[in-house]
Amino acid sequence: MASGLGLTRPSDAERDRALAILREGAGTGRLSHDTFVRRMNFVLHAQSRRELAAATHDLPGREPRVIDWFRRLVDRIPRLTVTKRVQLPGLALPPPGSPTVRIGRGPGATLRIPHISVSRYHAELRHVDDGWLVRDLGSMNGTHLNGLRITTPTKVRPGDHLQFGAVPYLLTWTDNT
C-alpha cells in the first residue's frame, strides 16, 4: 500500500474542492470551456491526490470562507473620495454700463478661450438694470452656473462659479470707480 500523500486515493470532499477550483477558473476566464470539461473528467476519474493537484496546479485555490466573507464586506463599504480644493481663475465682471462680453473660441469673442470644449460663439455676459446676465449661445458643451447647465438668460453675481464647456471661472467684481 502506498503511504505517500500524493498516492492516496482522494476523498469526495477533495474532489469537490478540485471541481470548485476548476469552476472558479472557468468562471473567471482562466480556463476555456473545453479545458474545463477535460479537467473535470480527469478530476472525476483521478486515482490519487497527485492527479487532483495536477488538474488544478495552474489555478489559484479557493480562499478560506473568512477571507471571502471579509472581501464581500469590504466591497459593500462606500469608498471615501478625497477631493482636492482647486483655486479657480477669476473672471471680473466689468463695471455697470460696459458693453456685452462675448465669450468663445472664435475671432469675434471679447473673452477668447482657446479650449476645444468651448464653442466659437459660446456665451455672452450682458449688463441689464442692476446686474449681469449670462446667456448660452447654443454651445455644444454648455454653460454652467454653480454646477447647473443654463438654458435661459440667468442672473450672475460675484462669487458664482461660471463654466464654459470644461473651463471654470470664479466671478469677481471690478473696482473701477
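The values are calculated or read from the model by the stated rules, or taken from the named source; none is laboratory data. Note that this is a predicted model, so its numbers are computed, not measured. So basically every Cβ, Gly included, is an ideal-geometry build from the backbone, and we count neighbours across all protein chains shown. Just so you know, the surface numbers come from the protein's heavy atoms only, side chains and all, with ligands and any DNA or RNA stripped out. Shrake-Rupley method; radii C 1.70, N 1.55, O 1.52, S 1.80 Å.
Some values worked out for this structure:
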item: Residue count for region 39-68, restricted to those that are assigned to a helix (DSSP H, G or I), surrounded by 11 or more Cβ atoms within 10 Å (Cβ to Cβ) and under 31 Å from the mean Cα position of the chain (by Cα); result: 1
item: Number of the condition not met by L125 [criteria: (1) open to solvent by 30 Å² or more (accessible area, probe 1.4 Å); (2) under 13 Å from A92 (Cα atoms); (3) touching a Phe, Trp or Tyr at 6+ places or on another chain (Cβ under 6 Å)]; result: (1)
item: Members of region 128-171 that are touching a Gly at 6+ places or on another chain (Cβ under 9 Å), among the aliphatic types (A, V, I, L, M) and either crowded, with 17+ Cβ neighbours inside 10 Å or under 16 Å from A92 (Cβ atoms) (or both); result: I150, V156, L170, L171
item: Sole exception among (1) farther than 22 Å from R120 by Cα; (2) free of Cβ contacts under 8 Å to residues at least 60 places away in the same chain for A166, by number; result: (1)
item: Subset of region 3-38 (residues that are open to solvent by 40 Å² or more (accessible area, probe 1.4 Å) and either outside any helix (DSSP H, G or I) or of a type in the set (K, R) (or both)); result: S3, T8, R9, S11, R17, R23, T28, G29, R30, S32, R38
item: Residue match in region 114-123 (condition: under 28 Å from the mean Cα position of the chain (by Cα) and of a type in the set (F, W, Y)); result: no
